[in-house]
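A.B. asks: Before anything else, here's the structure in question.
The values are calculated or read from the model by the stated rules, or taken from the named source; none is laboratory data. None of these values were measured; they are calculated from a predicted model. Cβ atoms come from the backbone with ideal geometry, glycine included; neighbour counts cover every protein chain shown.
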Amino acid sequence: MKTIAQFAIGYEQLLDAEGRACGDLPPFANDADAMRRMYSMMVLCRLFDTKAINLQRTGRLGTYAPCTGHEATHVAVGAAMRPEDVLCPVYREYGTQIWRGVTLTEILTYWAGDERGTDFAGPREDFPWCVPIGSQTPHAAGVAMAFKMRRQPRCAVAYIGDGGTSQGAFHEAINLAGAHRLPVVFVVVNNGWAISVPVAQQTAAQTFAQKGLGNGVPGVQCDGNDLLAVRKVMEDALERARSGEGPTVVEAVTYRLSDHTTADDASRYRPQGELDAAWQREPLLRTRRFMEQRGFWDESREAALRADCVAQIDAAGPRLPEPPRRRHRPHVRSPFRPSARRARGADAHRAPIRQDRITLDAPCNAGGRHQPRARARARR
């Protein structure tokens with residue numbers, strides 16, 4: 001038997017756990033302003049998580065999905081994208097969304113149960129949060145198909161978790177993207193756990209990056225706690241897509257340092273030692289150490305940043321006024337067909353149904369046997 005195809009998955013890491021460079025740094029890593037902006041966004045996300053969890057605990061928010069531990073991946077993806085690109089998120093990619101113009105108030109409004117929070121003032125074409133697992137990936141493939149048909153130099157970016165890669169929609173999206181060489185990047189955030197299901201029970205594959213190989217889509221794995229590595233890999237994947245070379249699967253290996261959501265208690269299934277070890281590799285400390293070594297950061301800047309972030313977060317909140325009732329109907333009922341409108345108008349002159357002509361079936365007979373549900377019959 002001869003070998004007809006061989007594949008390899010590359011791994012990118014530019015900073016070790018202590019923030020020391022361990023690879024060739026990209027140009028933006030030497031740009032103090034660029035690094036400060038990205039790190040500032042990471043800190044904002046971490047502090048925002050704390051505020052949102054507190055709001056949920058006091059009853060002002062519904063269930064909330066924290067992003068603690070994902071900050072480097074989320075901010076790096078946002079920094080690599082262009083404003084004209086389109087994001088198809090899951091439900092915890094706040095760093096990418098805030099970078100692209102989504103406001104803290106919009107995020108809190110959504111988690112307070114108001115869908116107006118998804119009417120983003122900034123990235124008007126970005127998709128809203130997608131709770132049904134994996135269903136955002138075909139959306140991204142469709143967006144990328146539109147870009148290709150219009151010959152626009154734009155890309156779609158879809159997030160998905162390690163558990164989401166087991167969904168059929170994910171594989172359908174990758175197959176479509178590979179077959180048509182669509183300008184889309186699928187970012188698999190491998191945080192170790194799909195709620196309570198560990199990666200070892202999710203797949204037998206060595207990596208999630210290789211999930212695209214069967215569909216002709218290359219993949220690359222990177223350290224998801226390494227801000228520099230994730231941004232570099234994403235920039236390469238987006239440039240590849242923009243130049244017509246097709247999609248890429250990017251796996252960012254990180255760790256979920258919080259519960260899955262505020263409705264979850266990860267201590268029931270996750271070993272404490274594993275969590276403690278993950279905190280030693282967490283992204284904020286690693287990025288800060290790198291910046292301090294470069295002379296980009298110090299204690300005074302850190303204190304000023306945290307004070308500014310707290311002020312921004314305190315000023316945000318789900319404070320939109322109650323919507324008028326007339327706005328509800330268009331979103332719960334399909335528009336009437338012209339024929340239905342005519343029929344509705346023709347019935348307007350008829351007398352209302354008389355209550356004394358409504359009969360109800362008994363719920364059960366004398367023997368206790370269950371009968372069909374009660375129903376109203378109107379005689380005209």
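A.B. asks: Only one of (1) part of a helix (DSSP H, G or I); (2) touching a Lys or Arg at 6+ places or on another chain (Cβ under 7 Å) fails for ALA52. Which number is that?
C.D. replies: Among (1) part of a helix (DSSP H, G or I); (2) touching a Lys or Arg at 6+ places or on another chain (Cβ under 7 Å), ALA52 violates only (2).
A.B. asks: Taking only pairs six or more apart or across chains, which ones have beta-carbon atoms under 7 Å, a first residue in the stretch 270-291 that is touching a residue at least 12 places away in the same chain (Cβ under 8 Å) and among the hydroxyl-bearing types (Ser, Thr, Tyr), and a second residue that is part of a helix (DSSP H, G or I) and buried (at least 17 other Cβ atoms within 10 Å of the Cβ)?
C.D. replies: THR287/TYR39; THR287/MET42; THR287/ALA72; THR287/LEU227
A.B. asks: Restricting to the stretch 247-273, count the residues that are assigned to a loop (DSSP other than H, G, I, E, B) and not aromatic (Phe, Trp, Tyr).
C.D. replies: Selection size over the stretch 247-273: 14.
A.B. asks: Could I ask something else about it? Go through the stretch 25-50 and give me each residue that's aliphatic (A, V, I, L, M), touching a residue at least 60 places away in the same chain (Cβ under 8 Å) and over 22 Å from ALA316 (Cβ atoms).
C.D. replies: Across the stretch 25-50, the qualifying residues are LEU25, ALA29, ALA32, MET35.
Conditions tested, residue by residue: (1) within 14 Å of HIS180 (Cα to Cα); (2) among the aliphatic types (A, V, I, L, M); (3) in contact with a strand residue (DSSP E or B) (Cβ under 9 Å, 6 or more places away or on another chain).
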position: GLY214; (1), (2), (3): no, no, no
position: GLN221; (1), (2), (3): no, no, yes
position: ASN225; (1), (2), (3): no, no, yes
position: ALA229; (1), (2), (3): no, yes, yes
position: LYS232; (1), (2), (3): no, no, yes
position: ASP236; (1), (2), (3): no, no, yes
position: GLY244; (1), (2), (3): yes, no, no
position: THR248; (1), (2), (3): yes, no, yes
position: GLU251; (1), (2), (3): no, no, yes
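A.B. asks: Could you tell me whether any residue of the stretch 153-169 is crowded, with 18+ Cβ neighbours inside 10 Å and under 24 Å from ALA316 (Cβ atoms)?
C.D. replies: yes
A.B. asks: Separate question: Could you identify the single residue in GLY219, GLY224, GLY214, GLY168 that is on the phi < 0 side of the Ramachandran plot and without any contact (Cβ under 8 Å) to a residue 24 or more places away in the chain?
C.D. replies: GLY214
A.B. asks: Looking for something within 24 Å of the chain's Cα centre (by Cα), assigned to a helix (DSSP H, G or I) and surrounded by fewer than 21 Cβ atoms within 10 Å (Cβ to Cβ) - is there at least one such residue anywhere in the stretch 18-32?
C.D. replies: no
A.B. asks: Looking only at the stretch 267-311, count how many residues are buried (at least 16 other Cβ atoms within 10 Å of the Cβ), over 30 Å from ALA21 (Cβ atoms) and of a type outside the set (D, E, K, R).
C.D. replies: Going through the stretch 267-311 one residue at a time, the tally reaches 0.
A.B. asks: Hey, could you check the stretch 274-318 for residues that are part of a loop (DSSP other than H, G, I, E, B) and either of a type in the set (A, V, I, L, M, F, W, C) or within 25 Å of VAL253 (Cβ to Cβ) (or both) and say which is modelled with the lowest pLDDT?
C.D. replies: The first filter runs over the stretch 274-318 and keeps only residues part of a loop (DSSP other than H, G, I, E, B), leaving 280-282, 295-298, 316-318.
Cutting the leftovers down to either of a type in the set (A, V, I, L, M, F, W, C) or within 25 Å of VAL253 (Cβ to Cβ) (or both) gives us 280-282, 296-297, 316.
Numbers: GLN280: 95, ARG281: 95, GLU282: 97, PHE296: 98, TRP297: 98, ALA316: 92.
In this case the residue turns out to be ALA316.
A.B. asks: Right, something else. Just give me the residues in the stretch 179-202 being buried (at least 21 other Cβ atoms within 10 Å of the Cβ) and either over 20 Å from the mean Cα position of the chain (by Cα) or hydrophobic (A, V, I, L, M, F, W, C) (or both), in sequence order.
C.D. replies: LEU182, VAL184, VAL185, PHE186, VAL187, VAL188, VAL189, TRP193, listed by residue number.
A.B. asks: If you don't mind, another one. One residue is enough: does the stretch 38-47 have a residue meeting the conditions assigned to a loop (DSSP other than H, G, I, E, B) and out of contact with any Asp or Glu (no Cβ under 9 Å at 6 or more places or on another chain)?
C.D. replies: Checked against the condition, which is being assigned to a loop (DSSP other than H, G, I, E, B) and out of contact with any Asp or Glu (no Cβ under 9 Å at 6 or more places or on another chain), the stretch 38-47 yields no hits at all.
A.B. asks: For the subset of the stretch 203-229 comprising residues that are out of contact with any Gly (no Cβ under 6 Å at 6 or more places or on another chain) and part of a helix (DSSP H, G or I), which member is surrounded by the most Cβ atoms within 10 Å (Cβ to Cβ)?
C.D. replies: LEU227
A.B. asks: How many residues are in contact with a helix residue (DSSP H, G or I) (Cβ under 6 Å, 6 or more places away or on another chain) and not aromatic (Phe, Trp, Tyr) if we restrict to the stretch 203-229?
C.D. replies: Within the stretch 203-229, the subset in contact with a helix residue (DSSP H, G or I) (Cβ under 6 Å, 6 or more places away or on another chain) is 208, 211-212, 215-217, 219-225, 227-228.
Right, trim to not aromatic (Phe, Trp, Tyr) and you get 211-212, 215-217, 219-225, 227-228.
Count: 14.
A.B. asks: Can you list residue pairs whose Cβ atoms sit under 7 Å apart, with the first residue in the stretch 126-140 being under 18 Å from GLY78 (Cα atoms) and the second being surrounded by fewer than 19 Cβ atoms within 10 Å (Cβ to Cβ) and among the polar types (S, T, N, Q)? Count only pairs 6 or more apart in sequence or on different chains.
C.D. replies: If the second residue must be surrounded by fewer than 19 Cβ atoms within 10 Å (Cβ to Cβ) and among the polar types (S, T, N, Q), the pairs left are PRO128/THR118; TRP129/THR118.
A.B. asks: Looking at the stretch 251-262, is at least one residue more than 16 Å from THR73 (Cβ to Cβ), surrounded by fewer than 24 Cβ atoms within 10 Å (Cβ to Cβ) and without any contact (Cβ under 8 Å) to a residue 60 or more places away in the chain? Don't jump to the end; show me each part of the working.
C.D. replies: Residues of the stretch 251-262 more than 16 Å from THR73 (Cβ to Cβ): 259-262.
From the residues that got through so far, the ones that are surrounded by fewer than 24 Cβ atoms within 10 Å (Cβ to Cβ) too are 259-262.
Then drop every residue that is not without any contact (Cβ under 8 Å) to a residue 60 or more places away in the chain, which leaves none.
No, the conditions are met nowhere in the stretch 251-262.
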